[in-house]
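The structure appears right after this line, and notes come after that.
The values are calculated or read from the model by the stated rules, or taken from the named source; none is laboratory data. Every value quoted in this text rests on a predicted model; they were computed, and no experiment measured them. Note that we place each Cβ from the backbone using ideal geometry, even for glycine, and neighbour counts take in every protein chain shown. What goes into the accessible areas is simple: the full protein's heavy atoms, side chains included, and nothing from ligands, DNA or RNA. Shrake-Rupley method; radii C 1.70, N 1.55, O 1.52, S 1.80 Å.
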Amino acid sequence: MKFVGGTPLATIQTCAQAVAKVIKDFIIKGSPIRIISHYDADGLTSAGILGKALMRAGARFHFSIVEQLEKEHIESFAHGKYELFVFTDLGSGQLDIIQEKILPKANVVVIDHHRPLDINHERLAHINPHFFGFDGSKEASGSSMSYLCATALDSANKDLADLAIVGAVGDRQDSSGALLGLNAQVLKEGEEANAVKAEKDLRLFGRHTHPLHLALSYTIEPYIPEITGNESKCVQFLTDLKILSADKWNRRLIDLNQEEKQRLITSLILKMIEGGSPSELAEGIIGEVYTLLKEEENSELRDAKSFATLLNACGRNHSPSVGLAICLGDRTDVVVEAKKTLKNHRMRLSKSLNWVYQNSEAIHKLQYVQYFHGENHIEENLVGTVTSMAMSSKILNSYKPVVAFAFREDKKVKVSARATRKLVEKGLNLAEALHSAAHAVGGIGGGHDVAAGATIPIGSENQFIKLVEESIKNQMSGHGSS
Ligand code: C5P
Ligand code: ZN
């Protein structure tokens with residue numbers, strides 16, 4: 001599908017209507033639909049939004065949630081009885097495999113925001129913000145794209161805007177301090193539907209629900225050196241700031257007055273910069289925060305960042321169905337289950353991060369990239385989060401992108417790469433670098449300019465990193481291919 005002319009918002013909405021029409025035709029036929037989505041907060045909310053929209057439309061459908069879309073998955077999906085496959089928050093970068101394995105037999109809808117391959121087919125309906133002038137790494141999440149299609153199916157689905165905001169925050173698309181582009185439009189609709197409220201504040205986990213020392217120690221992204229995961233240091237830090245005292249022990253962020261909050265913000269930014277965080281990450285600790293007005297006041301789900309943190313923990317700790325159930329509206333024991341999973345997730349993350357801290361000699365610094373191999377010390381589904389967290393530490397150089405490897409169970413290697421927006425402004429595109437290097441060594445890769453991933457054969461790491469270095473060198477000297 002190609003749409004030309006009009007404003008980016010109008011043309012992307014026209015495309016969403018065309019996608020919705022494809023889905024509607026299969027609902028009317030009574031064909032079962034297979035939804036395949038990504039396991040992180042953005043993927044789970046994308047699946048939740050579409051699932052709710054399909055449920056309301058009386059469709060028959062099944063979900064599959066995957067860590068990433070690999071050839072083997074696509075092959076196994078193709079064996080099923082489904083006439084329509086809907087991929088959300090993934091698929092745009094794997095259209096070549098989808099074309100080869102699924103399109104000969106069935107119809108496909110791809111609703112994604114990752115860097116797309118430009119493949120057309122009469123049985124493919126593909127919607128991606130990059131085709132309409134929106135940057136999929138910061139202006140449109142998978143969940144915003146799914147919301148757009150859900151509201152094109154039925155405008156009554158506008159109440160799902162809150163879930164779309166959770167997905168966008170989960171993918172850190174608010175890192176400039178506010179939601180932008182298509183995400184900002186979704187926020188506006190969410191506010192009109194009385195589903196969300198935006199205000200400026202410190203962006204901590206549990207700002208409504210947790211005593212401040214716990215909220216600080218539980219904040220994973222951004223990682224705050226010496227604070228994240230360190231409850232006793234948080235108590236000391238807040239006591240030194242005269243925010244905590246024996247008679248004011250359980251204060252939450254929302255209980256502070258303006259002057260106390262300002263004192264806390266200044267000290268946190270200073271602490272992050274002294275601890276090695278790039279200034280854009282340190283400054284990103286303040287900005288818009290989003291309250292989900294339909295959720296209970298004392299619930300973690302009331303704050304978009306905390307909600308996203310719970311979902312990410314579920315997805316990355318082998319419990320995607322718990323996260324998905326929450327997105328579909330279940331507020332029973334699954335929420336308790338998700339909180340337990342988050343506790344476990346924090347422990348595992350802190351173990352992996354400690355390994356990086358204690359093995360700084362394992363970090364190799366090339367001219368354009370720095371990299372480390374977590375081998376079996378970092379779990380494959382945590383390596384992306386650990387890499388993001390490690391970027392805020394002194395042991396890495398924030399002027400170079402970082403690439404991390406970890407062994408997978410299937411004798412392949414998982415790769416995660418992260419960079420700062422400043423580097424992207426200078427020409428860096430990690431999705432492009434990882435896609436081409438992975439392809440050259442017989443793997444797959446892609447993602448966004450600022451955060452990308454890959455899976456490559458074991459033993460190809462040295463060749464892969466050389467190719468990434470070469471590709472980034474070209475990008476930074478203005479010779480990149482995109
Ligand atoms: O896995 P990780 O968190 O490092 O991935 C970073 C980004 O790259 C995510 O948005 C993920 O969906 C994307 N990715 C991709 N293709 C891959 C691996 C990751 O598009 N093969
Ligand atoms: Zn996403």
note = Amide H proximity to residue 206 below 5 Å, modelled H, separation 5+ or other chain, gives 306
Nearest-10 value in Å² for the accessible area of residue 394, using the 1.4 Å probe = 150 Å²
remark   = With the convex hull built on the alpha-carbon atoms of the chain, volume per residue in Å³ sits at 137 Å³
task = Note down the accessible area of residue 331, probe 1.4 Å, to the nearest 10 Å².
result = 100 Å²
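Heavy atoms only, 1.4 Å probe, whole protein assembly: order 436, 37 by accessible area, highest first.
436, 37
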Dipole magnitude (debye, nearest 20) for the chain, charges at Cβ of Lys, Arg, Asp, Glu = 240 debye
ask   = Can you pull the three principal axis extents for the Cα set of the range 199-353, in Å, largest first?
value = 41, 33, 30
ask   = Taking residue 305 as the anchor, which lysines have their alpha carbon closer than 20 Å to its alpha carbon, excluding any fewer than eight residues away along the same chain?
value = 138, 188, 197, 200, 261, 294, 339, 340, 343
note = With the convex hull built on the alpha-carbon atoms of the range 1-148, volume per residue in Å³ sits at 95 Å³
request  = With a 1.4 Å probe and every protein chain kept in, tell me what percent of the accessible surface of the range 199-353 is carbon plus sulfur.
outcome  = 51 percent
request  = Find, among the GluC sites (Glu not before Pro) in the range 318-415, those assigned to loop by DSSP (not H, G, I, E, B) with at most 16 other beta-carbon atoms within 10 angstrom.
outcome  = 375, 409
key: MRE, 222 nm, helices only [DSSP H, n ≥ 4, -39500 (n - 2.57), over the chain, to nearest 500]   = -13500 deg cm²/dmol
query = Which percentage, to the nearest 5, of the DSSP beta bridges contained in the chain is antiparallel?
reply = 55 percent
query = Residue by residue, what Karplus-based ³J(HN,Hα) values in Hz, rounded to whole numbers, does the range 325-342 have, using 6.51, -1.76 and 1.60 with θ = phi - 60° and x for Gly and Pro?
reply = 4, 5, 5, 7, x, 5, 10, 8, 4, 4, 5, 4, 4, 5, 5, 5, 5, 5
inquiry  = Suppose all protein chains stay in the model; what accessible area per residue would a 1.4 Å probe give for the chain, in Å²?
reply    = 40 Å²
query = Using θ = phi - 60° and the Karplus curve 6.51 cos²θ - 1.76 cosθ + 1.60, what whole-Hz ³J(HN,Hα) does each residue of the range 449-458 get, with Gly and Pro shown as x?
reply = 4, 9, 8, 9, x, 7, 10, 10, x, 4
message = Please enumerate, by chain and number, the aspartates and glutamates with C-alpha under 15 Å from the C-alpha of residue 81, excluding those fewer than 8 residues away in the same chain.
response = none
note = With a 1.4 angstrom probe the carbon and sulfur portion of accessible area for the range 359-476, in percent, totals 49 percent
key: Reference-scaled alpha-carbon Rg (2.2 N^0.38 Å with N residues) for the range 359-476   = 0.94
message = If you filter the range 390-482 for chymotrypsin sites (Phe, Trp or Tyr not before Pro), then keep DSSP loop positions with at most 15 other Cβ within 10 Å, what is left?
response = 399
message = Under 8 Å for C-alpha pairs, at least 6 residues apart: give me the relative contact order for the range 309-418, rounded to a whole percent.
response = 21 percent
query = Expressed as a whole percentage, what fraction of the accessible surface of the range 2-192 belongs to carbon and sulfur atoms when a 1.4 Å probe is rolled over the protein heavy atoms?
reply = 50 percent
task = May I ask you to derive the relative contact order of the chain, considering only C-alpha pairs under 8 Å and at least 6 residues apart, and to give it as an integer percent?
result = 12 percent
